[in-house]
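Student: The structure under discussion is supplied below as structure tokens; questions concerning it will follow.
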Amino acid sequence: MIPQTVTEWLEEETGIQLRPSTARSVSGGCINEAKLAEAEDGSLVFLKFNQRHQLPLFEAEKQSLDLLKATGAIRVPTPYCHAVIGDQAVFAMEGIHMANRSDPDSQEALAAALANLHQSISPSGEFGADFDNYIGATPQPNPWTGSWANFFTEHRLEYQFQLAESRCHKFSDARTLLDAVHSHLSSLDIAPSLLHGDLWGGNASFDDGGVPIFYDPAAYFGDREADVAFTHLFGGFGTGFYEAYRSKFPEVEPVRKTIYNLYHLLNHFNLFGGSYASQAESSIQQILATL
Ligand code: ADP
């Protein structure tokens, strides 16, 4: 059930009148409790709930959705509003009937949409964003930086190594790895593309008409290969997706796939611990053996 305080807030902020009896829980998320409900005009509203101190996650998600939407390159849910209501943080956005599709045409449409997004280049030519956000529940800093090598080593890998150290875990060869990755990335000419930032199979789907939908982003301007690399880590994308994406942009170099996914492995270690440490260690050694 959706509390009356939430329906009143939504109506005040957006004019949307919810039919609370239509609300149903939606599973599949990693962090929040989610509900989909109908409005009086027949449209859908998607609501996320979390503890009140998590409101900044919703603020950051809205900023990411606004940034992606502004490009017109991909379809994302329109974010409406967020607030602390009672003892909960709440985020309301456009609700969409979603259905997964694995047929070749749909995978091709997904790839074309992503390639479109990656053609949106940062206006300043720098890497980062106007706002920081979160990757899962971990803060993700996005200070504007002229060099991708500096941005990725400092604000992605080193940031996660430091988080691990603050939890008393020291990864072997971390300094050597940062130097090697910095020098490798410095040798490349990388464009600052707009990224979804958290693109695994659970964060993309299709609407009723078969249009790809991207949601739950952690957007910033970076190397487009970082987005594509992450699609490989936890799966969810078909071979048709990669074939179609390759017709727009070259395949990700294997060593950079490992470099970019190391960020997510370190983040998973910092969030969940366990075997992610050994996976990250083996990626570190693989990268050092290759560079
Ligand atoms: P979390 O922030 O908890 O990870 P998600 O944003 O991934 O949550 O959403 C959880 C699930 O809800 C998704 O897997 C998807 O199936 C569904 N979903 C996400 N956004 C919408 C939306 N705007 N409308 C309808 N369903 C959605």
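The values are calculated or read from the model by the stated rules, or taken from the named source; none is laboratory data. Please read all numbers here as calculations on a predicted model, not as lab measurements. Counting neighbours? That spans all protein chains shown, and the Cβs are built from the backbone with ideal geometry, glycine included. To get the accessible areas, we keep the full protein, side chains included, count just its heavy atoms, and leave off ligands, DNA and RNA. Shrake-Rupley method; radii C 1.70, N 1.55, O 1.52, S 1.80 Å.
Student: Which residue fluctuates most in the GNM of the chain (Cα springs below 10 Å): GLY222, GLY209, GLY146?
Tutor: Comparing GLY222, GLY209, GLY146 in a Gaussian network model of the chain, the most mobile one is GLY209.
Student: Please work out whether the chain counts as rounded, prolate or oblate from its C-alpha gyration tensor, where a ≥ b ≥ c are the square roots of the eigenvalues and a/c under 1.5 means rounded, while otherwise a/b larger than b/c means prolate and anything else oblate? Mind dumping the intermediate values first?
Tutor: Numbers: a/c = 1.99, a/b = 1.52, b/c = 1.31.
Prolate, because a/c is 1.5 or more and a/b exceeds b/c.
Student: Also, quick follow-up: With θ taken as phi - 60° and the coefficients 6.51, -1.76 and 1.60, list the Karplus ³J(HN,Hα) couplings across region 250-262 in order, rounded to whole Hz; mark glycine and proline as x.
Tutor: The phi angles translate into x, 4, 5, 4, x, 5, 6, 4, 5, 4, 6, 6, 4 Hz.
Student: Which Cα, out of ASN32, PRO56, GLN4, lies furthest along the positive dipole direction of region 4-95 (beta carbon charges, K/R +1, D/E -1)?
Tutor: Farthest along the dipole direction, towards plus: ASN32.
Student: Let me ask something additional. Return the aspartates and glutamates within reach of LYS248: Cα separation strictly under 20 angstrom, same-chain partners fewer than 8 residues apart disregarded; answer none if there are no such residues.
Tutor: Counting by Cα, and skipping residues close in sequence, LYS248 has these aspartates and glutamates nearby: ASP103, ASP105, GLU108, ASP189, ASP223, GLU225, ASP227.
Student: Mind jotting down the distance between the C-alpha centroids of region 22-42 and region 187-224, whole Å?
Tutor: Using only Cα atoms, the two centres lie 23 Å from each other.
Student: Relative to the longest principal axis of the C-alpha atoms of the chain, give the angle of the C-alpha long axis of helix 55-71, reported between 0 and 90° and rounded to the nearest 10°.
Tutor: Approximately 80 degrees, to the nearest ten.
Student: I would also like to ask the following. Compare PHE249, PHE58, PHE272 by solvent-accessible area with a 1.4 Å probe and give them largest first, with all protein chains kept in place. Don't jump to the answer; show the numbers that get you there.
Tutor: Working: PHE249 40, PHE58 0, PHE272 135 Å².
I get PHE272, PHE249, PHE58, largest accessible area first.
Student: Excluding ligands and nucleic acids, what accessible area in Å² is computed for LYS69 using a 1.4 Å probe, to the nearest 10?
Tutor: 90
Student: While we're here: How large is the accessible surface per residue of the chain, computed with a 1.4 Å probe and reported in Å² as a whole number? Kindly include the intermediate steps, with their values, before the conclusion.
Tutor: Values: 12860 Å² over 291 residues.
Per-residue value: 44 Å².
Student: In terms of the Cα gyration tensor, with a ≥ b ≥ c the square roots of its eigenvalues, is region 94-221 rounded because a/c is under 1.5, prolate because a/b exceeds b/c, or oblate?
Tutor: On the way: a/c = 2.22, a/b = 1.70, b/c = 1.30.
Prolate, since a/c reaches 1.5 and a/b exceeds b/c.
Student: Now for a separate question. For region 153-265, just say rounded, prolate or oblate: build the C-alpha gyration tensor, square-root its eigenvalues into a ≥ b ≥ c, call rounded for a/c under 1.5, and beyond that prolate if a/b exceeds b/c, oblate if not. Walk me through the intermediate numbers first.
Tutor: Values: a/c = 2.30, a/b = 1.63, b/c = 1.42.
Note, shape of region 153-265 comes out prolate.
Student: Taking a probe of 1.4 angstrom, what is the accessible area of PHE131 in Å², to the nearest 10?
Tutor: 30
Student: In whole percent, what relative contact order does region 4-95 give with Cα contacts below 8 Å and a gap of six or more residues?
Tutor: 26
Student: Counting only protein heavy atoms and using a 1.4 Å probe, what share of the accessible area of the chain belongs to carbon plus sulfur, as a whole percent?
Tutor: Numbers: 6170 of 12860 Å².
Whole-percent figure for carbon plus sulfur exposure: 48.
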